[in-house]
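A quick write-up on the structure given underneath.
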Amino acid sequence: MRLKKLYLGFNKIKFLLKIILVGMCIFGFNAAKANTLIESLQSAYLNNLKLNAERASMRATKEEKRETISEFLPSVTISGYSSEQDNTNPGADSSFSPSEQSMTIEQTIFQGGSGVANFKKKKFGQTLAEFKLKKIVQETLLEAAQAHTKLLLNRKKVNINLINIDLLERQVETDQNRLEKGEINLTDLAQSESSLAGAKAQLIAVQNDLVTSKTNYIKIVGKKNTDNVKEVKIINLNLPKSLASAYKISNLENPDLQISLIEYEQSKLDVNIAYSNLSPSATLSYKIAEQDDFSATMQERTQKTLTATAKWPLFAGGSNLFNLRKAQELKNEKKLLFEDSGKQNETDVANAWSNYQSSKSVLDSIKSQVKAAEIANEGITLEYESGRNRSTLEVIQSRSILLNSRINLASSERNLLISQFNLLSAIGRLTAKQLNLKF
């Protein structure tokens, strides 16, 4: 019986261990899951602190719009008081405890159009906040794409330099053997050793760049695991087919252009609001009050008052007129800024389109350069190692050309991808919806 209990207890322990091991495997799998570019963009879109702060600002703007509606609604105020009065007169001594409970309803009938103008301004303000949020979204997603690809580029640079150092170390060993045989002189060996030392120094520099890019990736994307960042696969960003199409889209969707347009429209409404300060206003109020112990002859009474009030500021020290002139000049400023924003938008779109087109051509050229450099380096190295008429300097130069061409290829691949993101940003379509992000 005791053995049976021990056996059952042992089986339970084995079962628990299996559960723990399975859990550890699942956790390890999730931790080791590769971070694709889309996942990095998704993480930045949801977790970036600057972007979340702008979202909070937009929510506050919505409340401001709701607040302006209150200007068109009546206000209701309930008030009351209670006091003690001691009156001592010759031949009479009386005390009172007057009190009052009242309710006042006040409605603005006319305010020179400022209420309507202010409501329209706040409505524009909500749209303005949405475009400001869109601008921060574009900046965040572009920074995330740059951080992801920069991390991959620096990792490639480290690997390329490690391969180069391995080749140079073997060359130094070969040159030492050839020096002992008298096939080369000490100068040739010194050139190889110098090239190896320079390659090691370059490796240290790119390793430092890799550390910096990891830190930047964590800051922007919000993911601490940078070792599992995955190579970028071909993604369809639905870019415009022509420059004319890019111009057309940007005129409607570029956030900077729309922000300047909305600010110009708001400045027009500010002029209307300033005009209203020179216009008459009218309010209507109704008050009902119940008074107790009002006097020696009146114990209680109910008072109802309907009041119509009209005001027209004829002179306020000139401040109203000064504010109107100020609003008009600010409107002129916003108009000029809007026109400048339109020209800047055209320039940015043209530059982004040109950079995208040139990046494709540069990448094709560098691919051809890498192929030619690989063939040349292989041939020169074989001729050098076989003792043919090739100098150490020629081998070092061909290897340096191959190294630089491989690094340029990695940089060009990144530049092409980033140029596509820059083009999307310029036309105003670098958004979560365009990239099919989950939100």
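Here are the numbers for the structure shown:
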quantity: Dipole magnitude of the range 254-395 about its Cα centre (Cβ charges: Lys, Arg +1; Asp, Glu -1), debye to nearest 20; calculated: 620 debye
quantity: The chain: Rg to Rh, with Rh as the Kirkwood radius over Cα pairs; calculated: 1.28
quantity: Of Ser83, Ala327, Thr174, farthest towards positive along the dipole that unit charges on Lys, Arg, Asp, Glu beta carbons give the chain; calculated: Thr174
quantity: For Arg55, Arg406, Arg178, order by how many other beta-carbon atoms lie within 10 Å, fewest first; calculated: Arg55, Arg178, Arg406
quantity: Cα pair distances exceeding 23 angstrom across the range 351-439, given as percent; calculated: 46 percent
quantity: Residue of Ser267, Ser358, Ser386 that the Gaussian network model of the chain assigns the largest fluctuation, springs spanning Cα pairs under 10 Å; calculated: Ser386
quantity: Percent of alpha-carbon pairs separated by more than 18 Å within the range 262-345; calculated: 65 percent
quantity: Over 21 Å between alpha carbons, listed pairs Lys50/Lys335; Lys123/Lys438; Lys122/Lys311; Lys122/Lys268; calculated: Lys50/Lys335; Lys123/Lys438; Lys122/Lys311
quantity: Length-normalised contact order of the chain in % [C-alpha pairs under 8 Å, at least 6 apart]; calculated: 23 percent
quantity: Helical contribution to [θ] at 222 nm, DSSP H n ≥ 4, -39,500 (n - 2.57), averaged over the chain, rounded to 500; calculated: -25000 deg cm²/dmol
quantity: Under the Karplus curve 6.51 cos²θ - 1.76 cosθ + 1.60, θ = phi - 60°, whole-Hz ³J(HN,Hα) for the range 205-216, x wherever Gly or Pro sits; calculated: 5, 6, 5, 5, 4, 5, 4, 5, 5, 5, 4, 5
quantity: Spatial separation of Cα centroids for the range 299-327 and the range 360-400, in angstrom; calculated: 87 Å
quantity: Per-selection metrics, the range 138-177 (Cα): Rg and Dmax in Å; calculated: 17.4, 58
quantity: Degrees between helix 243-253 axis and first principal axis of the chain (Cα, 0 to 90, nearest 10); calculated: 30 degrees
quantity: Nearest-20 debye value, the chain charge dipole, Cβ charges on Lys, Arg, Asp, Glu; calculated: 2080 debye
quantity: Positive-end extreme of charge dipole, the chain - chosen from Thr392, Ala117, Tyr275 (charges on Cβ); calculated: Thr392
quantity: Reachable aspartates and glutamates, given that their alpha-carbon falls under 17 Å from the alpha-carbon of Lys326 and they are not under 8 places away in the same chain; calculated: Glu263, Glu265, Asp270
quantity: Modelled FRET efficiency - R0 41 Å, Thr302 with Phe110, Cβ distances, 0.05 increments; calculated: 0.85
quantity: Helix axis angle, 49-69 relative to the chain longest principal axis, alpha carbon, degrees; calculated: 20 degrees
quantity: Reachable lysines, given that their alpha-carbon falls under 20 Å from the alpha-carbon of Lys157 and they are not under 8 places away in the same chain; calculated: Lys200, Lys214, Lys230, Lys233, Lys367, Lys371
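Every read-out reported here was derived from the displayed coordinates using simple, explicitly stated rules and does not represent laboratory data. Quick caveat, the model's predicted, so the values are computed rather than measured. All Cβ positions, glycine included, derive from the backbone under ideal geometry; neighbour counts span all protein chains shown.
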